[in-house]
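The values are calculated or read from the model by the stated rules, or taken from the named source; none is laboratory data. Only a predicted model underlies this, so the values are computations on that prediction, with no experimental measurement involved. We place every Cβ from the backbone using ideal geometry, glycine too, and count neighbours over all the protein chains shown.
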Amino acid sequence: MSDASYLSLEKLTLAYGDTVAVADLDLDIRKGELIALLGPSGCGKTTTMRAIAGLLPVKSGQVRLDGADMTRVPANKRAVGLVFQSYALFPHLSVYENVAFGLKLKGMRGAELDTKVQAGLKSVGLSSFANRKPAELSGGQQQRVALARSMVMEPKVLLLDEPLSNLDARLRLEMRTELQRVQKETGVTMIFVTHDQAEALALADRIVVMKGGAIEQIGTPEDIYNRPVSSFVADFVGFENIFPLEGGKLRTSGGLIELSGEAPSAAGLAWRPRMVTLGTGPFRGTVRGTSFAGDSREYLLDTSLGAIKAEVEAALPAHALGADLLFDLPAGKAALLSKFS
Amino acid sequence: MNARSLFIPVTLFLVIAFLIGPFLIIVAASFSAGETLAFPPQGFSLRWIAKVFTVESFQASFAMSLFLAIGGTAAALVLGIPASYALSRYKLPGAEIVRTVVSAPIIVPGIIVGLALLRYIVVPFQVGITLALFVAHTALVLPYAVRVVSASLDNLRSDIEEAAVLLGSSRLGAFFRVVMPNIRGGIMSAFILGFVTSFNQVPVSLFLSGPGVRTLPVDMIAYMEIVFDPSVAALSSLLAFLSIGIVFAAERFLGFSRYV
């Protein structure tokens, strides 16, 4: 086993009945990495996670963990933890009993058990809630119990299903910090599933973007954010102006358009609204919509290239609806897409 | 007051009168001092209530009814809990058909169930009376068991079982460790409902009862054909108060109405 493949998925194919959800997926994850599986619903990210946990049988391919083939190992023997989106706490047991559940099944009893459970509760700041029932806790507290319940088992891999999506904005930051702290302190390998690119960018060491049951791109948050490889990823991370490239020219709804500056060689180009130059340039557009977002102002332009979204500093003078504007899509700023779909 | 505003109170009164009236008459009759079952009661005494406890056949049939209600309901739960689990957790082909078949004894009149069991099971296969009654009562209670247990299973998230498995439990272990404790209220409710249903069952038992083996309600009918004294009313009152007591306690301690 190389260090680069603590957990590896090899040609993994997963299906619900005859419907293939994930096809021929290859992925290598290092020990101690924090990985985000990012994608829209139906992209196969949750399916992949369930297969790693052993909750979904593998149709073909392999799941290897820490040098051992886990493909046919049942879920209760894998040493993989999972924090469910709904937390899945046992409603009839106290917080303490929830955390003790797995340890007791391991045969742990008495002082050793108590020490472990207390440490687990303390690590998530819930020592004083040991005797409460899950229903008496807030969503954020329930999630921390679920986290402690998985972590006391010292799993080789901890999976988290949409860990931040059920929390309000303030708790989200808190939980994000908490997860990073747990990961740093224990060195556990973490994989979380999310459809929220901001969540993935903020938390992950590496992001795996999935689409239609396959991996679209793997990279650091910076890679994904700045250098999307495909129109799909570009769209997913907020590039709103995306065009295919044909012989150095932009294919738009208004025909082939020559760009200013040297045309790069790629299958397509993508610009964030912020990358669009407003006020000067070879193109002309009419303001169809405008919205104020505090620091910035967004414009939706009707142009000969189709609809263009631009974003500029809010401090600059505002343009009224219907105003004619010059603009430019600078080729030098664009993200180069090698795949256009 | 016009006719319209009288309609609701009058209807309400009639409904209550029809529901509660016979019960009140029976209770009153059981305290009669007279020799025959009559209303209004003649005088007041507890002699017929006392007599109930001295009739030997009542004791035997009460024991039989109790055995059928407890045994039949327990058997229905043993069959019904796994069935409910399968129906609520898996997308089985034909699940709706199974649900309907299991519910059939609620819909089909008891007299038909009784006749069918007698004609096609008991007589050709020479099944013993007690066994026949036991099987019939199990079948009659099964729909209630499946219905009530399914309702509480549907209210329970299925991901807690997966959570238990990931914490090292087997699938079966997860059922006993995290599913059963959380549907205990539903199971208790199903038991009480089944018990009362079985205990009050007449038509099926009527067909299947035989020499020396009778359920209590069947025995009461037989008794009345010979002796027309108020002891049957006294026994009815006792049974009614027993049922009310059980259901009241169940509501009080289990929140019975949540499941039924």
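Could you please let me know if B:Val232 is β-branched (Val, Ile, Thr), more than 10 Å from every other protein chain (Cβ to nearest Cβ), in a helix (DSSP H, G or I) and closer than 26 Å to B:Ile112 by Cα?
On the way: β-branched (Val, Ile, Thr): yes; more than 10 Å from every other protein chain (Cβ to nearest Cβ): yes; in a helix (DSSP H, G or I): yes; closer than 26 Å to B:Ile112 by Cα: no.
Considered against the rule, which asks whether it is β-branched (Val, Ile, Thr), more than 10 Å from every other protein chain (Cβ to nearest Cβ), in a helix (DSSP H, G or I) and closer than 26 Å to B:Ile112 by Cα, B:Val232 comes out as no.
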Exercise. From A:Leu301, A:Leu336, A:Leu316, grab the single residue that is buried (at least 19 other Cβ atoms within 10 Å of the Cβ) and touching a strand residue (DSSP E or B) at 6+ places or on another chain (Cβ under 8 Å).
Key: A:Leu301
Quiz item: Out of all the residues in segment A:282-302, is one or more under 26 Å from the mean Cα position of the chain (by Cα), closer than 25 Å to A:Phe232 by Cα and outside any strand (DSSP E or B)?
Solution: no
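Pull up segment A:126-167, narrow it to residues that are within 18 Å of the chain's Cα centre (by Cα) and assigned to a loop (DSSP other than H, G, I, E, B), then point me to the one that is farthest from A:Asp69 (Cα to Cα).
First, pick out the residues of segment A:126-167 that are within 18 Å of the chain's Cα centre (by Cα): A:157-167.
If we keep only those that are assigned to a loop (DSSP other than H, G, I, E, B) too, we end up with A:162-167.
Working: A:Glu162: 27, A:Pro163: 28, A:Leu164: 31, A:Ser165: 32, A:Asn166: 34, A:Leu167: 36 Å.
Out of the qualifying residues, it is A:Leu167.
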Practice problem: Can you tell me which residue among B:Ala240, B:Ala249, B:Ala233 is without any contact (Cβ under 8 Å) to a residue 12 or more places away in the chain and of a type in the set (Gly, Ala, Ser)? | Solution: B:Ala249
Quiz item: Going by the structure shown, is A:Met190 within 22 Å of A:Leu9 (Cβ to Cβ) and in contact with a Lys or Arg (Cβ under 6 Å, 6 or more places away or on another chain)?
Solution: no
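Looking at segment B:149-176, which of its residues are under 29 Å from the mean Cα position of the chain (by Cα) and touching a residue at least 12 places away in the same chain (Cβ under 8 Å)? Please lay out each step first, then the result.
Just the residues of segment B:149-176 that are under 29 Å from the mean Cα position of the chain (by Cα), to begin with: B:149-156, B:175-176.
If the condition is that a residue be under 29 Å from the mean Cα position of the chain (by Cα) and touching a residue at least 12 places away in the same chain (Cβ under 8 Å), then B:Val149, B:Ser150, B:Ala151, B:Ser152, B:Leu153, B:Asp154, B:Leu156, B:Phe175 are the ones that fit.
Residues to consider are A:Phe243, A:Phe239, A:Phe232; find the one that is in a loop (DSSP other than H, G, I, E, B) and among the aromatic types (Phe, Trp, Tyr).
A:Phe239 is the lone residue from the list that is in a loop (DSSP other than H, G, I, E, B) and among the aromatic types (Phe, Trp, Tyr).
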Quiz item: Does A:Ile224 fit the bill of being touching a helix residue (DSSP H, G or I) at 6+ places or on another chain (Cβ under 7 Å), part of a helix (DSSP H, G or I) and buried (at least 21 other Cβ atoms within 10 Å of the Cβ)?
Solution: yes
Quiz item: Within segment A:198-221, can you find the residues that are in a strand (DSSP E or B) and touching a Gly at 6+ places or on another chain (Cβ under 7 Å)?
Solution: A:Arg206, A:Ile207, A:Val209, A:Met210, A:Lys211
Practice problem: State which residue is nearest to the other protein chains (Cβ to nearest Cβ) when the search covers only segment B:122-147 and only residues that are surrounded by fewer than 17 Cβ atoms within 10 Å (Cβ to Cβ) and in contact (Cβ under 8 Å) with a residue 12 or more places away in the chain. | Solution: B:Thr130
Self-check item: Matching helices (runs of 4 or more DSSP H) fully within segment B:1-114 where at least 1 residues are within 20 Å of the chain's Cα centre (by Cα)
Solution: B:3-30, B:56-89, B:95-107
Quiz item: Picking from A:Ser123, A:Ser86, A:Ser127, A:Ser138, which residue would you name as being within 20 Å of B:Ser158 (Cβ to Cβ), at pLDDT below 95 and either touching a strand residue (DSSP E or B) at 6+ places or on another chain (Cβ under 7 Å) or not aromatic (Phe, Trp, Tyr) (or both)?
Solution: A:Ser86
Quiz item: For segment B:148-162, how many residues meet the condition of being in a helix (DSSP H, G or I), within 10 Å of chain A (Cβ to nearest Cβ) and touching a helix residue (DSSP H, G or I) at 6+ places or on another chain (Cβ under 8 Å)?
Solution: 3
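Just a yes or no: is a residue in segment B:199-207 touching a His at 6+ places or on another chain (Cβ under 9 Å), part of a helix (DSSP H, G or I) and more than 10 Å from chain A (Cβ to nearest Cβ)? Before the answer, list the steps.
Pass one, segment B:199-207, residues touching a His at 6+ places or on another chain (Cβ under 9 Å): B:201, B:204-205.
Restricting the remaining residues to those that are part of a helix (DSSP H, G or I) gives B:204-205.
Remaining after also requiring more than 10 Å from chain A (Cβ to nearest Cβ): B:204-205.
Yes; the residues of segment B:199-207 include at least one that is touching a His at 6+ places or on another chain (Cβ under 9 Å), part of a helix (DSSP H, G or I) and more than 10 Å from chain A (Cβ to nearest Cβ).
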